[in-house]
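Student: Please see the structure below; I have some questions.
The values are calculated or read from the model by the stated rules, or taken from the named source; none is laboratory data. Note that the structure is predicted; figures quoted are calculated from it, not measured. Ideal geometry is used to build each Cβ from the backbone, glycine not excepted, and the neighbour counts take in all protein chains shown.
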């Protein structure tokens, strides 16, 4: 005889998984905002830029943005690997020296 399925437990597990995925998505989005330097923008500027991006239907623009994004992630991967290689042969760098200051002048 088969054991009956516990639908309540399965549903709870799925809800927990969905909550975890949503939390991870929000965290990664925040990390992306910081990594790109967009945290220097005001909330209104960032929201306006994101709205403009989502409203854009021009496939050519979206393709250019996608390529720039891919280059950004490839560059970060290469920089991370290079930094890891450098830090293995000496003591770790000071945290305030490894990250550029976001309080500097911004390009207009």
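Student: Among the candidates 40, 47, single out the residue that is touching a residue at least 12 places away in the same chain (Cβ under 8 Å) and within 21 Å of the chain's Cα centre (by Cα).
Tutor: Step by step, each of 40, 47 is checked, and only 40 is touching a residue at least 12 places away in the same chain (Cβ under 8 Å) and within 21 Å of the chain's Cα centre (by Cα).
Yes or no, residue by residue, for (1) modelled with pLDDT of 95 or more; (2) exposed (fewer than 10 other Cβ atoms within 10 Å of the Cβ); (3) part of a helix (DSSP H, G or I):
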{"site": "13", "(1), (2), (3)": "yes, no, yes"}
{"site": "16", "(1), (2), (3)": "yes, no, yes"}
{"site": "19", "(1), (2), (3)": "yes, no, yes"}
{"site": "83", "(1), (2), (3)": "no, no, yes"}
{"site": "96", "(1), (2), (3)": "no, yes, yes"}
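Student: Shifting gears a bit: Given 74, 27, which one is on the phi < 0 side of the Ramachandran plot, at pLDDT 95 or above and part of a helix (DSSP H, G or I)?
Tutor: Just one listed residue meets the conditions, 27.
Student: What is the number of the single condition among (1) surrounded by 10 or more Cβ atoms within 10 Å (Cβ to Cβ); (2) at pLDDT 65 or above; (3) more than 19 Å from the chain's Cα centre (by Cα) that residue 58 does not meet?
Tutor: Every condition holds for residue 58 apart from (1).
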